[in-house]
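The values are calculated or read from the model by the stated rules, or taken from the named source; none is laboratory data. Keep in mind that what you see is a predicted model, and the values were worked out from it rather than measured. Here the Cβ positions follow ideal geometry from the backbone for every residue, glycine too, while neighbour counts run over all protein chains shown. With ligands, DNA and RNA removed, areas are computed over all heavy atoms of the protein, side chains included. Shrake-Rupley method; radii C 1.70, N 1.55, O 1.52, S 1.80 Å.
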Amino acid sequence: PTKEDDGILVVDNTIHNQYLKTEFEDAINSGEDWKYRAFPYSTHNVHCYNNRNCFTPAVIYEVCVNPNESNPNNAVTYPSGCLNENFIPMGLRSNNTFNEGDWSNTWIMQGIYPCMLKYDTTEAYKLNKNDFRYREDGVTLSDVTNADFGGNCMIRFPQIWFKWELDGTLWHLYISNVQVDDSYFCFTHINVNGELVDSIYLMAFQPSVINGRARSLSGKAITVNTTGTAEIQNAQANGLGWDLWNYGQVQMLQHLQILMTKSLDSQTKFGKGRDSNNANNTTGELISAGMFAGTIAT
């Protein structure tokens, strides 16, 4: 439901803490798939549409990390009984092709996709995951190299909730699509107003400064030797909502790499985009190779 009059009203409660200790139950028929949402409202009939009030089943993946294991591949395991217990992990094959394993159809990878994002932070259109030169249909050319496009090439990320837990000598990392309880955190998706948002976007390429803006486009010169102050200014020059990456976003990527590669050696698993045989001072040399592309070279 998107508004209070969308769908079928299940319960209208005006008693504070009515269901604090005993939950409200709604019986449905077998095979039916209903979506629920709460709409808190004031005495003046002003309704709240915050997405935190959606009732979404939690899909939790789990990984264990042994800090005392020196082999980065043996240090990470999928625990018995977890959803991803028998998953084939992601990784670069010996011929430099990429294997997404059993992760391609999960809510994580379905929610992560490349797109062209306008300066007002709305999506212009999605890109083809296998070749950024084209839009999602794989036929229509994209603006991934077009400096006149009013925005940038970005990677969209859905809300991803993390929980770390120490069990003896093992660290358990839980990754969920929703906040299961207060021990799960999603610092990455909180905007400047302190509101939880559905999506964030990270640059697809290293920045190229064009007309005073830090742009994420293909086929452009990578900007180097820039001061921190200038980097902030160049990023924010794109408009309201644009800025540098923060620590939480970097940590999110690291956690996902551990989970999906089943390893602490993400560079070997994902490969290198730059090696001793390729100076690579230009962005986007691998855009026709898909979301994940690299080399096992030195």
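What to note about this one:
- Each 5 Å bin from zero up to the one holding the largest Cα-Cα distance in the chain carries the following percent of pairs: 1, 5, 9, 13, 14, 15, 14, 12, 8, 5, 3, 2, 0, 0.
- Radius of gyration over Kirkwood radius for the stretch 127-279, both on Cα atoms: the Rg/Rh ratio is 1.00.
- Net length available on complete extension from residue 25 to residue 74 is 13.2 nm, with 0.36 nm assigned per residue and the Cα-Cα distance removed.
- Cross-link partners of residue 35 among lysines (Cα-Cα below 18 Å; sequence separation of 8 or more within a chain): 3
- Equivalent ellipsoid of the stretch 137-226: semi-axes from √(5λ) of the C-alpha gyration tensor, largest first, are 35, 16, 14 Å.
- Placing pseudo-labels 7 Å out from each Cα toward the beta carbon at residue 233 and residue 199 gives an inter-label distance of 3.1 nm.
- In summary, the lysines within cross-link reach of residue 262, defined as a Cα separation below 22 angstrom excluding same-chain residues under 8 places away, comprise 163, 272.
- The convex hull built on the alpha-carbon positions of the stretch 212-298 has an orientation-averaged projected area of 7.1 nm².
- Rounded to 10°, Cα long-axis angle of helix 247-261 versus longest principal axis of the chain: 90
- Available extension along the chain between residue 93 and residue 136 is 12.9 nm, counting 0.36 nm per residue and deducting the alpha carbon span.
- Computed in the context of the full set of protein chains, the accessible area of the stretch 206-298 at 1.4 Å probe radius has 48% of its extent on carbon or sulfur.
- With N counted as the residues of the stretch 17-67, its alpha-carbon radius of gyration over 2.2 N^0.38 Å works out to 1.72.
- Reachable aspartates and glutamates from residue 129, criterion Cα separation under 19 angstrom, eight or more residues apart if same chain: 100, 102, 137, 143, 285
- For the chain, the solvent-accessible area of protein heavy atoms averages 60 Å² per residue (probe radius 1.4 Å; ligands and nucleic acids excluded).
- Counting only heavy atoms of the protein chains and using a 1.4 Å probe, residue 133 has close to 110 Å² of accessible surface.
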